[in-house]
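Okay, so here's the structure we're looking at.
No lab work stands behind these numbers, since they all come straight from the coordinates. The shown structure was predicted, so the numbers you read here are calculated from the model rather than taken from an experiment. In this analysis, Cβ positions are derived from the backbone assuming ideal geometry, glycine residues included, and neighbour counts consider all displayed protein chains.
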Amino acid sequence: MRQSLVAGNWKMNGTRASIRALLDGVLAGIGDVKHAEVAVCPPYVYVPEVAERLAGTPVAVGAQDVSDQDQGAYTGEVSGAMLKEVGCTYVIVGHSERRNLYGEDDAFTARKFAAAQRHGLVPILCVGELLEEREQGITQQVVARQLDAVLELCGVEALARAVIAYEPVWAIGTGKTATPEQAQEVHAFIRDRVRSRDAGIADGLRILYGGSVKAANAADLFGQPDIDGGLIGGASLDAEEFLAICRAPGAS
Ligand code: PEP
């Protein structure tokens, strides 16, 4: 059975003070989260402080991005080794904001995925279609292309040490959530595509849903057979709301 994962993506939000308060709130209620694994992904500069605060607690730390390079003259980049050294377990790779606002393509995302794994980080690979792609009926083609870029570079075995997040771009930060059935359809498609290469890896692969998840809709989404938790943006900035998502039936 797959253990669900609920990961908070704080994006470029927070101050030292607000992050301390958020962590206090999450830690105050984490004891009531019975089954889901929980992680938070702060902005880079706050990762060391958050990791120190969370050491010895059940809450893991992830970063929001990683360099495709390992070290050297790459101004502004942060390597997987650095993230590992300061306490990260996870790293988000290929978030739609990286893909669509910063032009990061499938091949570049796949190289970031590989770099994360070279340094012992667990990549959370984000895939998902734009609204116009859904309207054109090419959701599965888009998701397959994004997934295949990683499979071709890293092989299916790499997915034994990774998490996938299906995040329809039209549902991110918009308040529009995919229906549980719409999400389940794409999650099953992803799992089947992995299964066609390796059934064991497909069965163990955690596939998270992301896109306007809130306490009010989490249980319906997480109750779907191929949804193994969530990647949570806006709602992860509120400790009570985030904890309620972590406790939602299906995640907990
Ligand atoms: C995200 O950015 O990964 C996300 C799912 O955001 P939100 O929950 O705010 O839609």
Distance between region 201-240 and region 130-182 - C-alpha centres, whole angstrom: 14
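What's the local net charge at Leu130, with K and R +1, D and E -1, over the other residues with C-beta under 12 Å away?
Result for the neighbourhood of Leu130: -3.
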Could you give the nm distance between label points at Ser18 and Asp198, where each point is 7 Å from its Cα heading toward the beta carbon? 4.1
Mind putting a number on the dipole of the chain about its Cα centre? Charges go on the C-beta only, +1 for Lys and Arg and -1 for Asp and Glu, and I need it in Debye to the nearest 20. 400
Name the most mobile residue of Gln184, Gln146, Gln71, meaning the one with the largest mean-square fluctuation, in a Gaussian network model of the chain with Cα contacts below 10 Å. Gln71
Starting from the amide H of Ala63, placed 1.01 Å from N in the peptide plane, find each other amide H under 5 Å away whose residue is 5 or more places distant or on another chain. Tyr90, Val91, Ile92
Springs between alpha-carbon pairs under 10 angstrom, Gaussian network model over the chain: which of Val93, Val127, Val142 fluctuates most? Val142
Quick one: plug the Kirkwood hydrodynamic radius of region 1-90 (C-alpha pairs) into Stokes-Einstein at 25 °C, 0.890 mPa s, and report D in µm²/s. 176
Spatially proximal lysines relative to Lys34 (Cα-Cα < 25 Å; intrachain offsets below 8 disregarded): Lys214
How far apart, in nanometres, would the label points at Lys34 and Ala107 be if each is projected 7 angstrom from Cα along the Cα-to-Cβ direction? 5.0
For region 95-218, the dipole about the Cα centre with charges only on Cβ (Lys and Arg +1, Asp and Glu -1), to the nearest 20 debye, works out at 420
The chain - percent relative contact order, Cα under 8 Å, separation 6 or more: 23
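Neighbour counts of other C-beta atoms within 10 Å: give me Tyr44, Tyr166, Tyr102, Tyr90 arranged from fewest to most.
Ascending number of Cβ neighbours within 10 Å: Tyr102, Tyr44, Tyr90, Tyr166.
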Residue of Gly62, Gly230, Gly76 that the Gaussian network model of the chain assigns the largest fluctuation, springs spanning Cα pairs under 10 Å: Gly76
How much length would be gained if the chain were fully extended between Arg118 and Asn100, taking 0.36 nm per residue of separation minus their Cα-Cα distance, in nm to one decimal? 3.9 nm
Which whole-number percent of Cα pairs in region 105-251 have a distance greater than 20 Å? 46
Need one number: nm distance between label points at Ala144 and Glu52, each 7 Å from Cα along Cα→Cβ, rounded to one decimal. 5.0
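With Rg and the Kirkwood Rh both taken from Cα atoms, where does Rg over Rh land for the chain?
Looking at the chain, the ratio lands at 0.94.
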